[in-house]
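Single-structure report; data block below.
The values are calculated or read from the model by the stated rules, or taken from the named source; none is laboratory data. These numbers were taken from a predicted model, which means no experiment stands behind them. Note that each Cβ is placed from the backbone with ideal geometry, even for glycine, and that neighbours are counted across all protein chains shown. These accessible areas exclude ligands, DNA and RNA; they are computed on the full protein's heavy atoms, side chains included. Shrake-Rupley method; radii C 1.70, N 1.55, O 1.52, S 1.80 Å.
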Amino acid sequence: MYFCIDMKCFFASVECAERGLNPLTTPLVVADGSRGQGALCLAVSPFLKERGVKNRGRLFEIPKEYSYFIAKPRMKKYIEYAVLIHRIFLKYVDSSDIHTYSVDEAFLHVKEYYSVYGSIQAMALTILEDIRLTLGIIATCGAGDNLYLAKLSLDIFAKKQKNNYHYLSLKEYYATLWESKDLTSIWQIGKGIAQRLHKLNIHTLHELALADPNLLKKEFGVIGLDLYEHAWGKDTTTIQDIKSYQPISKSFSRNQILFRDYTKEEAWVPLVEMLFLLCMDLSRKKIMARNISFYIGYSKHIDSYHKSFTLDCFTDDFFKLKNELKVKYEVIADKPIRQLGISLHNFIEKEKGNNTLFYQPNIKYENLSDVITSVWQKYGKNKLVIGTALEKESTLYERNKKIGGHNSE
């Protein structure tokens, strides 16, 4: 038995809690008002959401008839609340039975615990009430016999219940969801996968359950088999499986949306700064990368440019990576740029070294990166920066103050 617990309109609810306000009756928007009416709304309170105001919209899109508070995003504060919520979970289940799915959502394996409370529902409501009384946050809980059913229970049913709880049985799953043609409402089925299923003449979960598993595997790879299993309401994955999973390949990435259109020459500055931060990540984790990819998004969605390339050896040397990136960057079109992204892939542990005669470690750089890391850990990233931070095109100082691209206060 699993719970999937989500904090309703989390960022906005935290801002309401900090002000002693009820999120169910308070019109509050989490956005950086200093960016004008075009500012992105990271979250809206349940009060506004129930009236059709959507998250991720712009301030100017909120109907004029609503007056509302604007709260500047504070990512550090939201993380603090997430930690407090996790501590509440630990009052009811062991840490090995908790999987943090996102900053505001978690799965709990409760099979060994709920009998103490008399029923599954009683345990769920006890946890939800604890979160509300302790932190002032409204939470919802979906329950199911596996992770998949618990997640669907949360997304489709629990949020519509007055007590914010719902248990989705396999019988109810077949009765209510099997014939629904809204595949995108199902966990892990986005528009792209739904369109590909439609091409296979699959429009419902029932039709997906009756499809040939081999055909699904051919079309989607191993994900196709997951889709087939989920269509039957089955999911053999456990929280222990998730915790023990080690991905075959990882990537480190940075991206940003610029505040104005940058020329090709200007955009090179923040791109290099993102590469520098990635290299410091490599140094701190004692790993090296061999593949780079970068993304250029031109202004007004004219088009974009993607490029990936492989180095002649594994490295974490910022100067080497910058020189390699510069060569590839020079060929892009000289058009107004509004978005940047860069990723490093294909890693090896530093102690294993390179299997090539042409690689020579840069001892001076390694010593320098160690010093930079130690300074950052003690004083913060803005106490020691690369020279590009002095350029007017630089975004480094401001981005170092943020978490996930947002205000970190």
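Remark: the chain carries 53 Å² of accessible area per residue (probe radius 1.4 Å; ligands, DNA and RNA excluded). Look at the Cα gyration tensor of the stretch 1-93: its axes a ≥ b ≥ c give a/c of at least 1.5 with a/b over b/c, and that counts as prolate.
In terms of the Cα gyration tensor, with a ≥ b ≥ c the square roots of its eigenvalues, is the stretch 47-113 rounded because a/c is under 1.5, prolate because a/b exceeds b/c, or oblate? In terms of gyration-tensor shape, prolate.
Can you put 103, 385 in order of accessible area, largest first, using a 1.4 Å probe?
From most accessible down to least: 103, 385.
Taking amide H positions as modeled 1.01 Å from N, with prolines and chain starts lacking one, the residues under 5 Å from residue 32 and 5 or more places away or on another chain are 40.
Between the listed residues 204, 340, 221, the Cα displaced farthest toward the positive end of the dipole of the chain, a dipole computed from Cβ unit charges relative to the Cα centre, is found at 340.
What size of dipole, in debye to the nearest 20, comes out for the chain about its Cα centre when the only charges are +1 on Lys and Arg C-beta atoms and -1 on Asp and Glu C-beta atoms?
Around 880 debye, computed over the chain.
Ordered by 1.4 Å accessible area with all protein chains kept, 173, 66 run largest first as 66, 173. Residue 49 exposes around 110 Å² of accessible area when a 1.4 Å probe is run over every protein chain in place.
Dividing the summed -39500 (n - 2.57) terms of all DSSP H runs of n ≥ 4 by the residue count of the chain sets its mean residue ellipticity at 222 nm at -11000 deg cm²/dmol. Between the listed residues 282, 23, 395, the Cα displaced farthest toward the positive end of the dipole of the chain, a dipole computed from Cβ unit charges relative to the Cα centre, is found at 395.
Here the Karplus relation 6.51 cos²θ - 1.76 cosθ + 1.60, evaluated at θ = phi - 60°, turns the backbone of the stretch 384-398 into coupling constants of 8, 10, 7, x, 4, 4, 7, 6, 5, 7, 5, 10, 5, 4, 5 Hz, with x for every Gly and Pro. Surface composition of the stretch 74-223: carbon and sulfur atoms hold 53% of the protein heavy-atom accessible area at a 1.4 Å probe.
Which residues in the stretch 13-47 have a backbone N closer than 17 Å to a point placed 7 Å from the Cα of residue 84 along the Cα-to-Cβ line? Residues 13-24 fall inside that zone. How far is it, in nm, from the label point at residue 94 to the one at residue 58 when both lie 7 Å from their Cα along the line to the Cβ? Taking the two extended label points, one gets 5.2 nm. The angle between the Cα long axis of helix 363-379 and the longest principal axis of the Cα atoms of the chain comes to about 50 degrees, rounded to the nearest 10. Using a simple spin-label model with pseudo-atoms 7 Å out from Cα toward Cβ, residue 161 and residue 250 lie 3.7 nm apart. For residue 234, the accessible area of its heavy atoms, probed at 1.4 Å with every protein chain present, is near 120 square angstrom. 3J(HN,Hα) couplings calculated from phi for the stretch 88-94 with the Karplus curve 6.51 cos²θ - 1.76 cosθ + 1.60 (θ = phi - 60°) are, in sequence order, 5, 4, 5, 6, 10, 9, 6 Hz; Gly and Pro show x. For residue 1, the accessible surface of its heavy atoms amounts to roughly 30 Å² (probe 1.4 Å, protein chains only, rounded to the nearest 10). The accessible surface of the stretch 244-337, taken with every protein chain in place and a 1.4 Å probe, is 52 percent carbon and sulfur.
In terms of its alpha-carbon gyration tensor, the stretch 140-249 comes out oblate; a/c meets the 1.5 threshold, while b/c is at least as large as a/b.
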